[in-house]
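We did not get these values from a lab; they are worked out from the coordinates using the rules stated. What you see is a predicted model, and the numbers here were worked out from it, not measured in a lab. All Cβ positions, glycine included, derive from the backbone under ideal geometry; neighbour counts span all protein chains shown.
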Amino acid sequence: MGRFLLRRLIQSAVAILGTITLVFFIQRLAGDPTLLMLPEGATRQDIETLRHQLGFDRPLAIQYLDYLAQLARFDLGQSLVQRVPVLDIIVARLPYTLYLAGSALLVAVGIGLPVGIVMAVRRDTKLERVLMALVLVGQSMPTFWSGILLILLFAVTLGAMPSSGVDGLRSVVLPAIALGALTMATYARVARTAVLEELGRDYVSAAQAKGLLFRSVISRHILRNAATPIITISALEIANLLAGAVIVETVFAWPGLGQLAVQSIAARDFPIVQSIVLLSAFVSIALNLAADILYSVVDPRIRLDGVA
Amino acid sequence: MSEAVIPSIAHPARLRTRIARELRPIWPFLLIFVGFALIALLAPLVAPYNPNSQNLLARLKPPGTTVRNVLYLLGTDEVGRDLLSRLIYGARVSLMVALLSVLVSTTLGTVLGMIAGFYRGVAEIIIMRLVDIVLSIPAILLAIITIAVLGPGLHNVVVVLGFTRWPRYARVAYGQTLAVMGLTFMRASAFNGAGALRLLGRHVFPNIAGAIIVVATLEFGLMVLFEAGLSFLGLGVQPPMPSWGSILSVGRNYMGTAWWIATFPGLCLFLLVLSINVIGDRMRDRLDPRSTR
């Protein structure tokens with residue numbers, strides 16, 4: 001276990017370093033970032049001054065090392081527009097995104113898992129086909145459209161829900177449904193496949209022959225065994241929710257990181273955009289690590305040190 | 001060979017009923033997809049009007065309005081352009097961007113994945129680590145930051161989507177190549193003096209193509225959504241070129257007064273992506289022996 005953990009930690013560290021490197025060089029794709037930071041029509045003099053000020057006239061390798069050292073101190077730089085540390089801006093917006101993504105996850109798991117289990121247990125019935133259609137719809141709805149439709153229906157026409165912004169508990173309902181739909185579909189599919197696989201096994205027949213209620217066979221045996229694939233996709237899906245927030249937050253004027261990213265691109269505030277991308281990459285790397293460790297807890301058959 | 005197998009495969013009439021049975025649940029979706037493809041291809045012939053010509057007298061007219069003998073079947077947008085014509089040309093943009101970016105990422109991913117699986121060693125380590133890294137950054141954010149640097153536009157969207165999505169294919173190609181490499185016929189062919197190019201092209205590729213096509217189909221739907229999403233955020237195709245995403249984004253501002261502007265492009269997107277997903281699912285079931293349905 002210790003050796004496995006160490007190896008996975010090193011792998012994650014390499015992935016993080018790689019991500020930072022990638023993001024650093026993507027920004028150098030168009031030459032140097034000063035051109036992106038200045039408004040159009042800036043004079044040559046302005047460009048040179050800013051370039052020197054920000055150190056972009058130094059060799060690329062030095063800039064790269066400098067950037068790494070800066071990140072190591074948890075210094076994400078200054079916002080070019082607001083002239084305050086990027087970290088402060090992100091910390092102020094983060095809770096909103098977590099609130100939205102958490103609610104969306106609740107919608108996704110709360111609906112997706114039961115739907116998936118029912119689809120597996122009631123295989124080849126009308127009910128399964130209806131639920132499958134629901135899943136396919138959830139999977140194919142672009143979030144920006146479902147968001148707009150939800151606003152049209154519940155906010156504009158019925159006036160039952162606030163259409164945008166954060167105002168109490170009710171305001172998170174519509175964005176959470178829009179954001180969670182795709183993840184809900186994924187959970188339903190994975191749960192269905194995993195439960196189907198377990199339903200065919202001998203222990204299920206044995207447990208039923210023993211006289212156990214089907215309900216308790218499902219809850220005590222099948223779900224426990226079907227948990228591994230569900231945990232695997234959870235890491236990926238949570239990362240997807242955070243990325244999906246970019247569009248959903250724009251549609252619902254939700255003041256989280258996604259909206260901040262879009263606003264910062266429009267304002268050419270690069271240190272913020274870059275920090276948000278790095279943050280979400282770190283979160284997804286950390287979630288994958290957590291999922292790997294969780295397997296061993298849920299499924300003792302998986303030996304983490306690789307020795308059978 | 002058993003008697004039971006021969007007629008069901010060889011007899012043309014039976015074969016036809018078998019194909020019909022296979023297609024029955026998905027033919028409406030095939031029809032939708034082919035319909036969109038045809039509309040995209042023949043846009044100049046099917047579109048009733050020029051998608052960019054404005055008529056300020058006919059701004060924000062609801063579907064079915066006739067202004068000076070000009071019928072606007074799906075209504076008009078905020079500068080009086082015909083929504084139907086814009087949607088038809090938007091199909092063109094949507095499908096073209098998706099097709100090209102899938103081509104770029106499939107080619108790149110398949111080649112790199114096959115190289116990693118074939119040569120192993122340093123190539124494997126570098127390529128597969130890179131795959132892990134790119135996959136760990138949420139694709140939409142990677143695309144957003146790259147486009148923010150390169151600038152928006154049709155070409156950049158294709159390039160960016162192609163270069164952010166290749167790891168999906170590389171992973172599949174790598175795994176499948178490893179599996180094929182262990183098979184006897186590969187060793188036999190190598191003993192006969194086949195070079196790397198011949199081994200990869202004649203033996204590895206045909207064996208992994210099925211899995212790659214499945215990934216490509218499902219990715220195609222995702223690329224349609226990504227293009228629309230980027231255009232929705234103003235980072236994709238630039239005006240006046242019509243994209244479903246950017247039409248939707250404008251329509252958002254007129255939700256209370258002109259519901260049709262946001263509704264119809266969304267419906268198009270939904271139908272196109274739904275049909276691609278259903279077709280892709282079916283292909284996965286046919287070609288991927290591990291899937292349960």
Checking the a/c ratio against 1.5 first, then a/b against b/c, what shape does the Cα gyration tensor give for chain B? oblate
Pick out, from B:175, B:246, B:134, the residue whose Cα sits farthest towards the positive end of the charge dipole of chain B, with +1 on the Cβ of Lys and Arg and -1 on the Cβ of Asp and Glu. B:175
With each run of n ≥ 4 DSSP H residues scored as -39500 (n - 2.57), what mean residue ellipticity at 222 nm is computed for the protein assembly as shown after dividing by its residue count and rounding to the nearest 500 deg cm²/dmol? -23500 deg cm²/dmol
For the Cα atoms of chain B, what angle does the longest principal axis make with the long axis of helix B:259-287, in degrees from 0 to 90, nearest 10? 10
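How big is the dipole moment of chain B about its Cα centre under a simple scheme where the beta carbon of each Lys and Arg is +1, that of each Asp and Glu is -1, and everything else is neutral? Debye, nearest 20, please.
520
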For the range B:53-78 and the range A:233-267, compute the distance between their C-alpha centroids and round to whole Å. 35
Mean-position separation - Cα centroids, the range A:73-96 and the range B:167-185, in angstrom: 44
Taking H placed 1.01 Å from N in the peptide plane, check which residues at least 5 places from residue B:59 or on another chain put their amide H under 5 Å from its amide H. none
Of all trypsin sites (Lys or Arg not before Pro) in the range B:18-125, which ones are in loop regions per DSSP and have a Cβ with at most 10 other Cβ atoms within 10 Å? B:68
Dipole of the protein assembly as shown, Cα-centred, from +1 at each Lys and Arg C-beta and -1 at each Asp and Glu C-beta, to the nearest 20 debye? 1700
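Given +1 on the Cβ of Lys and Arg, -1 on the Cβ of Asp and Glu, and no further charges, what dipole in debye does the range A:101-226 carry about its Cα centre, rounded to the nearest 20? Please report the intermediate quantities before stating the final value.
Values: 12 positive and 6 negative charges, 79 e Å.
So the magnitude is around 380 debye.
Cβ under 15 Å from residue A:101's Cβ, residue A:101 left aside: what net charge do those residues give with Lys, Arg +1 and Asp, Glu -1? Walk me through the numbers on the way to the answer.
Values: positive: A:93; negative: A:237, A:249.
Summing Lys/Arg as +1 and Asp/Glu as -1 gives -1.
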Built amide H within the under 5 Å cut-off of residue B:67, gap 5+: B:72
Just report the Cα centroid separation between the range A:130-167 and the range B:222-293, whole Å. 15
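Under a Cβ-Cβ cut-off of 10 Å, what is the net charge of the residues other than residue A:128 that fall near it, where Lys and Arg count +1 and Asp and Glu count -1?
Numbers: positive: A:122, A:123, A:126, A:129, A:192; negative: A:124.
Value of the local net charge: +4.
Write out the trypsin sites (Lys or Arg not before Pro) in the range A:73-151 meeting two conditions: DSSP loop, and at most 12 other Cβ atoms within 10 Å of their Cβ.
On the way: sites: A:73, A:83, A:93, A:122, A:123, A:126, A:129; in loops: A:73, A:83, A:122, A:123.
In loop regions of the range A:73-151 (DSSP not H, G, I, E or B), the sparsely surrounded trypsin sites (Lys or Arg not before Pro) are A:73, A:83.
Return a whole-number percent for the relative contact order of the range A:185-271, with Cα pairs under 8 Å and 6 or more residues apart as the contact set.
Numbers: 46 pairs, mean separation 18.7, N = 87.
About 21 percent, as a whole number.
At a threshold of 8 angstrom on Cα-Cα distance, excluding pairs fewer than six apart, so keeping six or more, what relative contact order does the range A:221-265 reach in percent? Each step should come with its number before you reach the end.
Details: 22 pairs, mean separation 11.0, N = 45.
25 percent.
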Sum of side-chain charges, residue B:76 neighbourhood, beta-carbon under 15 Å (Lys, Arg +1; Asp, Glu -1): +2
Treating the angle as unsigned and between 0 and 90°, give the value, to the nearest 10°, between the Cα long axis of helix B:27-41 and the longest Cα principal axis of chain B. 70
Can you give the angle from 0 to 90° between the axis of helix A:44-54 and the longest principal axis of chain A, with both taken from C-alpha atoms, to the nearest 10? 60
Largest fluctuation, A:159, A:138, A:180 only, Gaussian network model of chain A with Cα springs under 10 angstrom, belongs to A:159
Compare A:96, A:295, A:64 in a GNM of chain A, Cα atoms joined below 10 Å, and give the one with the largest fluctuation. A:64
For chain B, modelled as a Gaussian network with Cα springs under 10 Å, which listed residue fluctuates most, B:251, B:201, B:109? B:201
